[in-house]
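What follows is one structure encoded as structure tokens, with my remarks underneath.
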Amino acid sequence: MRVLIFVLLFPVVAFAQNKVNLDFEFVDQEPQSVKQNARLELGLTLPDTLMMSIKEFIYGQPHQRTGLNPFVSWELDIKAHFKHRASGEKFTAIGFWYTEVQRNTSYNRWNYLHTELPFRVRYAPPKTGEWEVYFEVDVKGMPSYFSAPKTFNVVSSTYKGHVTYNKQTEYLERDGRTIIPTGVNLPFPSNKNNLMYSIDKEETLNVEVWEAYHDQVKRYIDQGGEYFRMFLHPSSTEIEFEEVGYYHSRQNFAWEIDRIIDLCEESNTLIQLDLMYHSYFMKLGDYHQFRFDFSDHWYDEKAWPFEDRTEISGYSRLLNTKTPSDMFLSELGMRYLKERARYIMARWGYSTSISNVELLCEPWHINENPYASDTPYDSLTKAGDIARKAIYEYHKQMTSFIKDSIQYNQKLLSAVGRFPAGKSNIYSHYTERDPDFIDSTWYLDEVDMITISYYSKSPEKMLISKTNSNNECGDNENSMACTVERLKRTYGKPVIMGEFDHGDDTYECSDYQGHYIDVMRSPYNGLVGHYVWAAFAIYDDTGRNEEVSWPRIIATKNYFNSDWFLNTVENKGVLGRQKEKFEQTNKDIVETQYIVTEDKSTAAGYVYNRTFNINTAAGMSLEQLAETPCALNAPVFSTPLSVSWKPQRMHVQGLQSFTKYRIVFYSYVDHAFIFQAEVRSSILGRLKLVHPVLIPEKTKNPLIWYRIEKMN
């Protein structure tokens, strides 16, 4: 009993020795009715002496600041320790510097307001019942302040929990229900005035850009969108660029991201959040993003705009280098990058509306100067080895930091790569054999997901070659389904398409038909989700409005997340596919892919006429098409041809023998019922796909979903 008394009293004694009159508040929250899985925000301030030192730093000379830096943990480390009393579950949330901000549309700026509680902690408690929380503050690495514990009560709510991965079903889940994220990229504010393309270093972002973006996200949610992908980009969403370890000048962007997450939390919408846009680590930014590349490289004094007139990045200045990979390969660079990630996770990592966190986008751009054809990541050179090592090292250290050091384990972490096309490739680059060329990022244990960025306008891209049984991946098969299976088998991770599209400007000449062809086929390849890229831009002067593609993408999302389809994928036995010629064509112009349940009673799939594609959907002559990105240079795919189920019959394989099934077909345009057939399977469990005529027109049915069910 005496030992027990000592154990109970010891924390109180230690606490009393370190307590220095520190208090905290519940921000806009009644402590007795905190909602489960919703944002709980706590606020506090520090003693005047510390606040004066912090203000000295914040308002000091850029790159030469003195005082106490509130953004890096070796200077100031604030933590809130949460404990669920009934279960004993614990979580330590990180405090972050917060500034209240207000849009000032009259003067086209953001006003920074006085903030009574400039340090905040956010947490989304996952369990109902009574919790307790107390604060701990370290200054310059020394334990300096504690608070007394406070209690709060969590009540059930309609807010959903964090996204997880179910290894048994091989799909993502939320609150135990399978989800197949299907949506669009809404990358960052990009309409009207945007600094992304600016070469005027004095120009600032217009407030209306963020207003327009906020309204766009709201429109997407209001129409039924539940999933989108978003980036931290230096032009409008990034927290750090000009000066390393200093986030105060970008508190307006952080405040705006708060508002986006507010919207998503209220509607249980999910964001796939990318933490670093690739121009950040390029020698010279692609798509004219010179303002936000790494340094002041230029390649041709005669080329527009004649010189790189913009400021170099803070990491180029800090490390005194023009080589972006030094940021990832130096201890000092990674030390600050981890603090940047720490702030991001502290401010937004709590949110159940972040489905997963991509650590950076399109890593193959590392050290790239596209205007000088300098792409080291893809070269068998010393520079290539350095580039690939930098990407691996960044992911290795960052995943370990997030999961082991700060222990924000509630988030899935993903690493982006290219689709490793081919019959045997497993790596995110072009060369197949040389082991020195490997970027081993996907092998890292703490990388949870593989995110793919893939662009191709070929109608064959899902299924290029196949000579064996429908339900097998043979040695000579080149298909997306078998590549995805190879990735899952090699790395033990799910694969999601972060960007999937037909390529620059193809959506315009095909009236967005490529979006629908891709997104309607995606899960049949074993992918756990799909985000269409070009579905966000609005250019008032040209009349271009990519939002017109939303309704059909959202309708596809609804189909893939319906009870019937989810039950099919959760109980999948095999994924199958077949392609065939039609009449006298010299290429396979029709394909089917499907999922058969383990008990062989049900299947879901699609059948697609490949002569309907971005080329034929454009409605142009071959001469007109030749001048557009939609030209395919493949005569058989440039000639629309209606395809029936005869004479080259396609089959769904792997069903029960000699069993009668009903096949129900759904429209390409509005997913409505169009036809059904009753067919008996063969002794080998093969079922003839007796599909309606596939007419290669936008308003007809060039692609049809089908649903197969065993009849009683």
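The values are calculated or read from the model by the stated rules, or taken from the named source; none is laboratory data. Please read these numbers as outputs of a predicted model, since none were measured by experiment. Neighbour counts are summed over all protein chains in view; Cβ atoms, including those assigned to glycine, are modelled from backbone coordinates with ideal geometry. The protein model used for the area step is the full one, side chains on, heavy atoms only, and it has no ligands, DNA or RNA in it. Shrake-Rupley method; radii C 1.70, N 1.55, O 1.52, S 1.80 Å.
Here are the numbers:
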item	result
Residue satisfying all of: in region 138-159; over 17 Å from residue 72 (Cβ atoms) and hydroxyl-bearing (Ser, Thr, Tyr); least open to solvent (accessible area, probe 1.4 Å) among these	147
Condition check for residue 647: surrounded by fewer than 16 Cβ atoms within 10 Å (Cβ to Cβ) and touching a residue at least 60 places away in the same chain (Cβ under 8 Å)	yes
Output for region 93-110, where each listed residue is part of a strand (DSSP E or B) and either touching a residue at least 60 places away in the same chain (Cβ under 8 Å) or under 10 Å from residue 78 (Cβ atoms) (or both)	93, 94, 96, 97, 101, 103, 104, 109, 110
Top-ranked residue of region 349-371 - restricted to ones that are farther than 19 Å from residue 496 by Cβ and part of a helix (DSSP H, G or I), ranked as most open to solvent (accessible area, probe 1.4 Å)	371
The one condition in (1) over 23 Å from residue 252 (Cβ atoms); (2) part of a loop (DSSP other than H, G, I, E, B); (3) in contact (Cβ under 8 Å) with a residue 40 or more places away in the chain that residue 70 fails to fulfil	(1)
Output for region 111-137, where each listed residue is open to solvent by less than 30 Å² (accessible area, probe 1.4 Å), in a strand (DSSP E or B) and more than 20 Å from residue 265 (Cα to Cα)	119, 129, 131, 133, 135, 137
Unique match (being touching a residue at least 40 places away in the same chain (Cβ under 8 Å), open to solvent by 10 Å² or more (accessible area, probe 1.4 Å) and not in a strand (DSSP E or B)) among 246, 220, 280	246
Candidate set: region 670-684, residues that are over 16 Å from residue 605 (Cα atoms) and assigned to a loop (DSSP other than H, G, I, E, B); chosen: the one most open to solvent (accessible area, probe 1.4 Å)	684
Hits in region 165-180 (condition: surrounded by fewer than 16 Cβ atoms within 10 Å (Cβ to Cβ) and out of contact with any helix residue (DSSP H, G or I) (no Cβ under 8 Å at 6 or more places or on another chain))	166, 167, 168, 175, 176
Which listed residue is crowded, with 24+ Cβ neighbours inside 10 Å, more than 30 Å from residue 621 (Cβ to Cβ) and not acidic (Asp, Glu), from 438, 496	496
Selection count, region 604-660, where residues are of a type outside the set (Val, Ile, Thr) and assigned to a helix (DSSP H, G or I)	8
Every residue from region 550-576 that is of a type in the set (Lys, Arg) and over 18 Å from residue 528 (Cβ atoms)	552
Residues being surrounded by fewer than 21 Cβ atoms within 10 Å (Cβ to Cβ) and aliphatic (A, V, I, L, M) - total across region 448-480	1
Every residue from region 138-156 that is out of contact with any strand residue (DSSP E or B) (no Cβ under 7 Å at 6 or more places or on another chain), of a type outside the set (D, E, K, R) and assigned to a loop (DSSP other than H, G, I, E, B)	141, 156
Residues located in region 309-358, provided they are out of contact with any Ser or Thr (no Cβ under 8 Å at 6 or more places or on another chain), within 17 Å of residue 241 (Cα to Cα) and acidic (Asp, Glu)	311, 326
Residues satisfying the stated conditions in region 580-600, i.e. among the acidic types (Asp, Glu) and open to solvent by 10 Å² or more (accessible area, probe 1.4 Å)	580, 583, 588, 598, 599
Filter result for residue 569 (aliphatic (A, V, I, L, M) and closer than 19 Å to residue 629 by Cβ)	no
Options 41, 130, 56, 75: the member that is touching a Ser or Thr at 6+ places or on another chain (Cβ under 8 Å) and within 29 Å of residue 241 (Cα to Cα)	56
Hits in region 372-421 (condition: within 24 Å of residue 528 (Cβ to Cβ), open to solvent by less than 20 Å² (accessible area, probe 1.4 Å) and without any contact (Cβ under 8 Å) to a residue 60 or more places away in the chain)	395, 399, 413, 415, 417
Flag if residue 229 is open to solvent by less than 20 Å² (accessible area, probe 1.4 Å), among the basic types (Lys, Arg) and free of Cβ contacts under 8 Å to residues at least 40 places away in the same chain	no
Filtered residues of region 405-426 (kept if under 16 Å from the mean Cα position of the chain (by Cα) and outside any loop (DSSP other than H, G, I, E, B))	412, 413, 414, 415, 416, 417, 418
Residues (closer than 12 Å to residue 556 by Cα and over 30 Å from the mean Cα position of the chain (by Cα)) located in region 657-671	none
Any hit, region 503-514, residues being buried (at least 24 other Cβ atoms within 10 Å of the Cβ), β-branched (Val, Ile, Thr), over 20 Å from the mean Cα position of the chain (by Cα) and more than 21 Å from residue 181 (Cα to Cα)	yes
Residue count, region 557-579 (criterion: charged (D, E, K, R) and surrounded by fewer than 18 Cβ atoms within 10 Å (Cβ to Cβ))	2
Checklist (1) closer than 28 Å to residue 162 by Cβ; (2) within 33 Å of the chain's Cα centre (by Cα) applied to residue 108, failing item	(1)
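Okay, residues lined up against (1) within 25 Å of residue 522 (Cβ to Cβ); (2) in contact with a helix residue (DSSP H, G or I) (Cβ under 9 Å, 6 or more places away or on another chain); (3) among the hydroxyl-bearing types (Ser, Thr, Tyr):
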{"site": "617", "(1), (2), (3)": "yes, yes, no"}
{"site": "656", "(1), (2), (3)": "no, no, no"}
{"site": "667", "(1), (2), (3)": "yes, no, yes"}
{"site": "681", "(1), (2), (3)": "no, no, yes"}
{"site": "703", "(1), (2), (3)": "yes, yes, no"}
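Table: residues versus (1) in contact (Cβ under 8 Å) with a residue 12 or more places away in the chain; (2) loosely packed, with under 14 Cβ neighbours inside 10 Å; (3) not in a loop (DSSP other than H, G, I, E, B).
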position	(1), (2), (3)
286	yes, no, no
296	yes, no, no
299	yes, no, no
302	no, yes, no
305	yes, yes, no
309	yes, no, no
334	yes, no, yes
341	yes, no, yes
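Residue-wise test of (1) at pLDDT below 90; (2) of a type in the set (Phe, Trp, Tyr).
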{"residue": "429", "(1), (2)": "yes, no"}
{"residue": "448", "(1), (2)": "no, no"}
{"residue": "459", "(1), (2)": "no, no"}
{"residue": "471", "(1), (2)": "no, no"}
{"residue": "480", "(1), (2)": "no, no"}
{"residue": "490", "(1), (2)": "no, no"}
{"residue": "507", "(1), (2)": "yes, yes"}
{"residue": "518", "(1), (2)": "no, no"}
{"residue": "522", "(1), (2)": "no, no"}
